[in-house]
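> Here it is, the structure in full.
The values are calculated or read from the model by the stated rules, or taken from the named source; none is laboratory data. All figures in this text were calculated on a predicted structure; none of them were measured in a lab. No Cβ is skipped: glycine too gets one built from the backbone with ideal geometry, and neighbour counts run over all protein chains shown. Quick note on the areas: whole protein, heavy atoms, side chains included, nothing else; ligands and nucleic acids left out. Shrake-Rupley method; radii C 1.70, N 1.55, O 1.52, S 1.80 Å.
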Amino acid sequence: MVENLFFVGFVGAAVSLLFALFQGRKVMRYAEGSDVMKKIAAAIREGADAYIKRQYTTVAAFFGIMFVVLLVLSIASNGELVNRFTPFAFLSGGFICGLCGIIGLKVATRANVRTAQAATEGLNKSLRVAFSSGTVMGFVVNGFQILEVITWYTLLRFVFLRHLPDSDANAIIAQTMITFGMGVSVMAVFARVGGGIFTKAADVGADLVGKVEAGIPEDDPRNPAVIADNVGDNVGDVAGMGADLHQSNSGALVATVAIGFTAGYGVAGMLLPIIVCIIGVLMSIVGTFFVRTKEQTDQKTLLNALRRGVFIAGGLAAIGTLPAILFIAKNAENAGDMEKFAFGIFGAVIVGIVSGFIISYLTEHYTSDASKPTRELAEASNTGSATLIIGGLSLGMRSVTLPMLTISGAVLAAYLVSGGASFIYGDVASFNAGLYGIGLAAVAMLATNAIILATDAFGPVADNAGGIAQMAKLPPEVRERTDALDSLGNTTAATGKGFAIASNAFTALVLLVNYVNMVNLKLADAGRAALDLTIINPPVLIGFFCGVAMVFYFSALCISAVQRAAMSIVNEVRRQFREIVGLLDGKEGVKADYATCVDICTKGALREMVVPTLIVIISPILTGIVLGAAGVVGFLAGTVLAGFALAVFMLNAGGAWDNAKKYIERGNLGGKGSEQHKAAVIGDTVGDPLKDTAGPSFNNVMVLATTVAIVFAGVTVAFSLM
């Protein structure tokens, strides 16, 4: 009976995608505004579409090469090194991930002008338009995530593997799920890194020359980089972020599906995380109807409007999972001890949801300009940019402590309550049952990700709306409303990234255990001893150091890529101000050359995004060949720990610098054009590549490195030097 519930996944995916379609059509019904606004929006849309087309062409070539490599390994080894479904699962994962980004981009580049027009009528209407566009991304990501898992399960179990016993079929299914997770992760890293380089190069270049040197407002049409900046919001913070969050969802889901088999829960263990996701989607739909605000622009009011929807969705999801767990545990065949652990598994779900809210609160506390840390950071601008930057570095480092402790406590609690604690469950306690609880906690944390992602994705739309309002010379109160939504978007974007990095830390730990289990099975089949994972084993220790080194080198590549591209933009903007007579003076009929700046950002992003991604893919394979599987375990542990800490530091420091600038721009501490504002702009430019390029990329890096290690585990065992 329970086995047939897999088909409910198709219903859940359909509901999610249909709601996304409904929201998208609703956005399109809003007015676009004047002809000037439409023309500006068309330029942004054209630039974004051109970049995405060129980026995906580059990525498609890479996927083609990887497909051939995986196919050759599969055929040459008769499925021993890589199973025969791996190349196709890899392609499908990358395709779906990229599709999520494209859909989100198409809606966002049409919603920005509608949000600006809605802001002429009121703050609440503007919020509803931007938020509705964000829900399209949120529900597309969740719908496709469920659809992909269910489709692969159906094809494998009832078509390709129908002749195999359940245990053998489930083992192959679990491995294949992780494989398409690798495709998702590769696509997400390309999208995040490439989009992040584009958007931050344009943003930094536009701010340094426009605001600091020329003293003109943000999004002033005289600035040649202004269109590139608005294009970047879409390709980095919409398309890149959509691919990123799709990877977060898929990574948690496939890892837990795989560990459900290892835990001895059979089909029930593989089904339950999918049901949790479906419940989360349904409750997220309910939550979206509670997001609305009054005509106040203070951040506390706006944050409460979004919190209301997220908290309602999370609370309803928590309530809805208990009967689902009890039903599946009681009625599934070959579910092992799941019924004994049912309430503990529910406890793990609660741990995931609550820890997600805690991470969200901590991120908001450190980055919102309604909170003390960011306001104190803004006050540091009174003594210049140096003290502001020092304060931001301190804030970012301080902000790592509580999230690290929260994740540590959540992992331990989920492990203990879900079946890992012998003092609770006695002789039936199981290590793998505890690990399953950790994975399910990650799934639960992201179960309502549709509405969480919606609160994240509306930020770039509001930012674009502000730019359109400025360039179209709409009344000041319109820009005031869009600025309020933009500042809110900075906080919710940091919150969304906090959710993502926390869930990926959970996911990477579960995948790491999957890797150990898989390698030990392969070693046993080869008649070799199991892995020695003591910390003093040299390969483990060396691997740990190598993982940390890779994290820092990856960060350096991303940040320096933004630096080089931003320098090109700075020089181009200076050239145009110098050579185009009357441009800086705003002489009528004189226009900036926006296309050249867009082209510079495009070329820089495409050129710089490949090497960091290749390093993440090659490093675990090379480590396995040199240090063996034990070295890979150390490498992955170092990657997860250093990646999580560095990501939180970068995200929160960058978010605080950004919102400190926004706080000053609203008339505090001297307001726009003051020395404090100039100092804050410099601080914001320092934080830009941290919070929007390097930092969020670690969401994908941690999981990508681990999934690559799993896919190439057979290669490591067969060819390692140790």
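> Which residues, taken from the stretch 411-436, are under 18 Å from ILE501 (Cα atoms) and surrounded by 20 or more Cβ atoms within 10 Å (Cβ to Cβ)?
VAL411, ALA414
> In the set SER408, SER355, SER394, which member is open to solvent by less than 40 Å² (accessible area, probe 1.4 Å) and of a type in the set (Ser, Thr, Tyr)?
SER355
> Only one of (1) out of contact with any helix residue (DSSP H, G or I) (no Cβ under 6 Å at 6 or more places or on another chain); (2) under 21 Å from THR602 (Cα atoms) fails for PHE63. Which number is that?
(1)
> Residues in the stretch 158-166: is at least one in a helix (DSSP H, G or I) and either in contact with a Cys (Cβ under 6 Å, 6 or more places away or on another chain) or of a type in the set (A, V, I, L, M) (or both)?
Yes, the stretch 158-166 has at least one match.
> I would also like to ask the following. Restricting to the stretch 678-722, what's the tally of residues that are of a type in the set (Ser, Thr, Tyr), open to solvent by 10 Å² or more (accessible area, probe 1.4 Å) and in a helix (DSSP H, G or I)?
Count: 1.
> Next up: Which residue out of ALA370, ALA386 is out of contact with any Asp or Glu (no Cβ under 7 Å at 6 or more places or on another chain), open to solvent by 20 Å² or more (accessible area, probe 1.4 Å) and outside any helix (DSSP H, G or I)?
After applying the criteria, what remains is ALA370.
> Next question. Just checking, does the stretch 539-554 include any residue being surrounded by 15 or more Cβ atoms within 10 Å (Cβ to Cβ), of a type in the set (Ser, Thr, Tyr) and touching a residue at least 60 places away in the same chain (Cβ under 8 Å)?
Checked the stretch 539-554: no residue is surrounded by 15 or more Cβ atoms within 10 Å (Cβ to Cβ), of a type in the set (Ser, Thr, Tyr) and touching a residue at least 60 places away in the same chain (Cβ under 8 Å).
> Moving on to the next point. Of the residues PHE644, PHE635, only one is among the aromatic types (Phe, Trp, Tyr), assigned to a helix (DSSP H, G or I) and in contact with a Ser or Thr (Cβ under 9 Å, 6 or more places away or on another chain); which?
Sole residue among the options that is among the aromatic types (Phe, Trp, Tyr), assigned to a helix (DSSP H, G or I) and in contact with a Ser or Thr (Cβ under 9 Å, 6 or more places away or on another chain): PHE635.
> Does GLU121 satisfy being more than 30 Å from ALA526 (Cβ to Cβ), surrounded by fewer than 19 Cβ atoms within 10 Å (Cβ to Cβ) and within 27 Å of the chain's Cα centre (by Cα)?
no
> Given the conditions (1) within 24 Å of the chain's Cα centre (by Cα); (2) surrounded by fewer than 23 Cβ atoms within 10 Å (Cβ to Cβ); (3) of a type in the set (D, E, K, R), and given that GLU675 satisfies all but one, which numbered condition is not satisfied?
(1)
> May I ask you to list the residues in the stretch 601-632 that are closer than 27 Å to ILE44 by Cβ and of a type in the set (A, V, I, L, M, F, W, C)?
Result: CYS601, ALA605, LEU606, MET609, VAL610.
> Answer with yes or no whether ALA494 is within 15 Å of the chain's Cα centre (by Cα) and crowded, with 18+ Cβ neighbours inside 10 Å.
So ALA494 fits the description; yes.
> Scan the stretch 24-46 and give yes if some residue there is among the aromatic types (Phe, Trp, Tyr), more than 23 Å from the chain's Cα centre (by Cα), under 30 Å from ILE279 (Cα atoms) and open to solvent by 40 Å² or more (accessible area, probe 1.4 Å), otherwise no.
No.
> Hey, can you tell me all the residues within the stretch 215-239 that are under 14 Å from ALA454 (Cα atoms) and not aliphatic (A, V, I, L, M)?
ASP237
> So, in the stretch 335-352, how many residues would count as being farther than 19 Å from THR262 by Cβ and open to solvent by 60 Å² or more (accessible area, probe 1.4 Å)?
Number satisfying all stated conditions: 1.
> From the residues in the stretch 122-170 that are touching a Ser or Thr at 6+ places or on another chain (Cβ under 8 Å) and aliphatic (A, V, I, L, M), which one is nearest to ILE103 (Cα to Cα)?
VAL140
> Right, here's the next one. If you go through the stretch 44-56 one residue at a time, do you hit one that is without any contact (Cβ under 8 Å) to a residue 24 or more places away in the chain and either of a type in the set (Phe, Trp, Tyr) or farther than 17 Å from ILE102 by Cα (or both)?
No - not one qualifying residue is present in the stretch 44-56.
> To continue, here is another question. Checking ASP599 against (1) of a type outside the set (S, T, N, Q); (2) under 19 Å from ASP207 (Cβ atoms); (3) open to solvent by 40 Å² or more (accessible area, probe 1.4 Å), which test does it fail?
(2)
> Looking at VAL82, VAL8, VAL72, can you tell me which residue is modelled with pLDDT of 90 or more and either surrounded by fewer than 21 Cβ atoms within 10 Å (Cβ to Cβ) or of a type in the set (Val, Ile, Thr) (or both)?
Criteria check complete, one pass: VAL72.
> Taking the residues in the stretch 323-357 that are of a type in the set (A, V, I, L, M) and within 11 Å of VAL276 (Cβ to Cβ) as candidates, determine which candidate is farthest from the chain's Cα centre (by Cα).
By that ranking, first place goes to ILE328.
> Check off (1) without any contact (Cβ under 8 Å) to a residue 24 or more places away in the chain; (2) in contact with a Leu (Cβ under 7 Å, 6 or more places away or on another chain) for SER674 and give me the number that stays unchecked.
(2)
> Still on this structure, I have one more. Would the stretch 520-527 turn up any residue that is part of a loop (DSSP other than H, G, I, E, B) and surrounded by fewer than 24 Cβ atoms within 10 Å (Cβ to Cβ)?
Checking the stretch 520-527: at least one residue is part of a loop (DSSP other than H, G, I, E, B) and surrounded by fewer than 24 Cβ atoms within 10 Å (Cβ to Cβ).
> Given the options LEU509, LEU474, name the one that is under 30 Å from ALA709 (Cα atoms) and open to solvent by 10 Å² or more (accessible area, probe 1.4 Å).
Of LEU509, LEU474, the one residue that is under 30 Å from ALA709 (Cα atoms) and open to solvent by 10 Å² or more (accessible area, probe 1.4 Å) is LEU509.
> Give the number of residues within the stretch 421-440 that are among the hydroxyl-bearing types (Ser, Thr, Tyr), part of a helix (DSSP H, G or I) and in contact (Cβ under 8 Å) with a residue 40 or more places away in the chain.
2
> Within the group THR613, THR602, which residue is touching a Phe, Trp or Tyr at 6+ places or on another chain (Cβ under 9 Å), in contact (Cβ under 8 Å) with a residue 60 or more places away in the chain and under 22 Å from SER185 (Cβ atoms)?
None of the others qualify; the one that does is THR613.
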